[in-house]
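Participant: The structure that follows is given in the form of structure tokens.
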Amino acid sequence: MTTTAPNHKNTIDAFLRLDRMPHIWCQGCGIGPAVSCFIRAIQRAELDADKIALISGIGCSGRAAGYVRLDSFHTTHGRALPFATGLKLGNPELNVVVFSGDGDIVAIGGNHLIHSARRNIDMTVICINNLNYGMTGGQVGPTTPLDARTSTTRYGNYEHPFNVPYIVAASGASYVARWTVLHARQLERSIAEAMTKPGFSFIEVMAPCPTLYGRMNKQGKGMDTMHVYQERSVVRNGADPKDVAIEPDSPIIVGKFVDIDRPTFWDRYTKMVEKANKG
């Protein structure tokens, strides 16, 4: 386990491993702003950094676990959620956060995603969705919109993508939201809510990949790609998750979609243990 961060106020640097800078993320990438929102959320909620465990998988987003000064684990591809589940059950006092990308969480880790939500494991998942496999060459992924061009769909994607908030909500998550990285204040507030909400909390963060997806789809360079997402976004808090699929040339619906109270896996497990002990 890595060294934890001091609980300094109003400074991001206190939570960063500055000796590992500069980071590997490209100019205009949305992962850096998402990490900033995550750190600000810890400060907003006044959480004890010594009780936070940050888990990541493989991919560009997975590098966050190595840059943030928290107890952190960089797991194998697609296995961040089962690792986080074991960590939470082994030490229920931990505030467990998974910070990884759509390729890791929704693709190879998709089966773990639905079962973690079904069990309502008490953790927060921050899924950075850049609509492609950004680290390995910009290939098509399960969240790539229809007709979008990638390195493996030169004439446009013909596979219908997942509506990720709908999948997670239908599987039983207690908290589901989606924001873009330019909705910085809303994203920060949402992460703070998620980290203090009992049960499985999931936040999809729409983050541009200017080097690959953005270039293939003529979204401009650098910050231009971020503004493409913001200009298409419409805030609809309380929207039905089945209606927030990302479609070509349609608005990107963002907001908090689900916020319910539901017994966690640990709640049900401890009740079962009590019942068993009574014979």
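The values are calculated or read from the model by the stated rules, or taken from the named source; none is laboratory data. Bear in mind the structure is a predicted one, so any value in this text is a computation, not a measurement. As a convention, Cβ positions derive from the backbone with ideal geometry for all residues, glycine included, and neighbour counts pool all protein chains shown.
Participant: Would you mind stating whether Ala173 is aliphatic (A, V, I, L, M) and over 23 Å from Phe99 (Cβ atoms)?
Facilitator: Working: aliphatic (A, V, I, L, M): yes; over 23 Å from Phe99 (Cβ atoms): no.
Judged against the criteria, Ala173 is not a match.
Participant: Restricting to segment 33-57, count the residues that are closer than 25 Å to Thr76 by Cα, touching a helix residue (DSSP H, G or I) at 6+ places or on another chain (Cβ under 9 Å), not in a loop (DSSP other than H, G, I, E, B) and not hydrophobic (A, V, I, L, M, F, W, C).
Facilitator: Qualifying residue count for the region: 3.
Participant: Which pairs have Cβ atoms under 6 Å, sit 6 or more apart or on different chains, and link a residue in segment 209-231 that is within 18 Å of Ile246 (Cα to Cα) to one that is hydrophobic (A, V, I, L, M, F, W, C) and surrounded by 15 or more Cβ atoms within 10 Å (Cβ to Cβ)?
Facilitator: If the second residue must be hydrophobic (A, V, I, L, M, F, W, C) and surrounded by 15 or more Cβ atoms within 10 Å (Cβ to Cβ), the pairs left are Tyr213/Leu131; Asn217/Ala148; Gln219/Val228; Met226/Leu182; Tyr229/Met206; Gln230/Leu182.
Matching residues to (1) of a type in the set (Ser, Thr, Tyr); (2) within 24 Å of Ala177 (Cβ to Cβ):
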{"position": "Ala239", "(1), (2)": "no, yes"}
{"position": "Lys242", "(1), (2)": "no, yes"}
{"position": "Ala245", "(1), (2)": "no, yes"}
{"position": "Ser250", "(1), (2)": "yes, yes"}
{"position": "Val254", "(1), (2)": "no, yes"}
{"position": "Thr264", "(1), (2)": "yes, yes"}
{"position": "Lys271", "(1), (2)": "no, no"}
{"position": "Glu274", "(1), (2)": "no, no"}
{"position": "Lys278", "(1), (2)": "no, no"}
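Participant: Test Ala80 against the criterion of being buried (at least 24 other Cβ atoms within 10 Å of the Cβ) and in contact with an Asp or Glu (Cβ under 7 Å, 6 or more places away or on another chain), and give yes or no.
Facilitator: yes
Participant: Need pairs with beta-carbon distance below 9 Å; first residue without any contact (Cβ under 8 Å) to a residue 12 or more places away in the chain and assigned to a helix (DSSP H, G or I) and within segment 240-255, second among the aromatic types (Phe, Trp, Tyr) and surrounded by 14 or more Cβ atoms within 10 Å (Cβ to Cβ); sequence gap 6+ or separate chains.
Facilitator: Close Cβ pairs (under 9 Å, with a partner that is among the aromatic types (Phe, Trp, Tyr) and surrounded by 14 or more Cβ atoms within 10 Å (Cβ to Cβ)) amount to Asp243/Tyr166.
Participant: Criterion first (assigned to a helix (DSSP H, G or I), among the aliphatic types (A, V, I, L, M), in contact with a Ser or Thr (Cβ under 7 Å, 6 or more places away or on another chain) and modelled with pLDDT of 95 or more) does Ala177 satisfy it?
Facilitator: On the way: assigned to a helix (DSSP H, G or I): no; among the aliphatic types (A, V, I, L, M): yes; in contact with a Ser or Thr (Cβ under 7 Å, 6 or more places away or on another chain): yes; modelled with pLDDT of 95 or more: yes.
No: the conditions fail for Ala177.
Participant: Suppose we filter Asp48, Asp71 for residues that are among the acidic types (Asp, Glu), surrounded by 14 or more Cβ atoms within 10 Å (Cβ to Cβ) and under 27 Å from Trp266 (Cβ atoms); which single one remains?
Facilitator: Only one candidate qualifies: Asp71.
Participant: Something else about it: Mind checking which strands (runs of 3 or more DSSP E) fall wholly inside segment 58-143 and carry at least 1 residues that are under 21 Å from Ala245 (Cα atoms)? Outline the logic, then answer.
Facilitator: Working: elements: 71-74, 95-101, 123-129.
The qualifying strands (runs of 3 or more DSSP E) are 95-101, 123-129.
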